[in-house]
Amino acid sequence: MKIQIVGMSWYRPETFAKLRAMFEDGDKLHNTYEEWFAAAEMGRKRMEAKNIKVICVDIDPDEFPKWCKENKMKLNAEARNKFSSLIAYKIATE
């Protein structure tokens, strides 16, 4: 039986505004943490209803830019998705 696992970028209320401001595509995120959280929870629950294991990966405003620089990536959705997928993979295979 295959288990599908997805890493989902996750934000904390206290860092959401800072992250949104630093992301190149931050204007495409919801305006407030509450709006983002409601949408993210709906997405997470939809995936889990399809038997997909969701690993919520915290995006830290200090560590994520360092990771992007080390991996020659911009601070955008592509980098967030890649970062979340890599962390989820590490967690799932430990």
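Of all the listed residues (72, 66), the sole one being loosely packed, with under 14 Cβ neighbours inside 10 Å, closer than 23 Å to residue 91 by Cβ and over 12 Å from the mean Cα position of the chain (by Cα) is 66. One residue alone among 48, 70 is out of contact with any strand residue (DSSP E or B) (no Cβ under 7 Å at 6 or more places or on another chain) and acidic (Asp, Glu), and that residue is 70.
Is it fair to say residue 25 is surrounded by 12 or more Cβ atoms within 10 Å (Cβ to Cβ) and over 23 Å from residue 92 (Cβ atoms)? Taking the combined requirement at face value, the residue satisfies it.
Residues that are in contact with a Lys or Arg (Cβ under 9 Å, 6 or more places away or on another chain) and at pLDDT 95 or above were ranked within the stretch 77-94; the one that is nearest to residue 27 (Cα to Cα) is 77.
The values are calculated or read from the model by the stated rules, or taken from the named source; none is laboratory data. Just so you know, these numbers come straight off a predicted model, no measurement behind them. Every residue, glycine among them, receives a Cβ derived from its backbone with ideal geometry; neighbour counts consider all protein chains shown.
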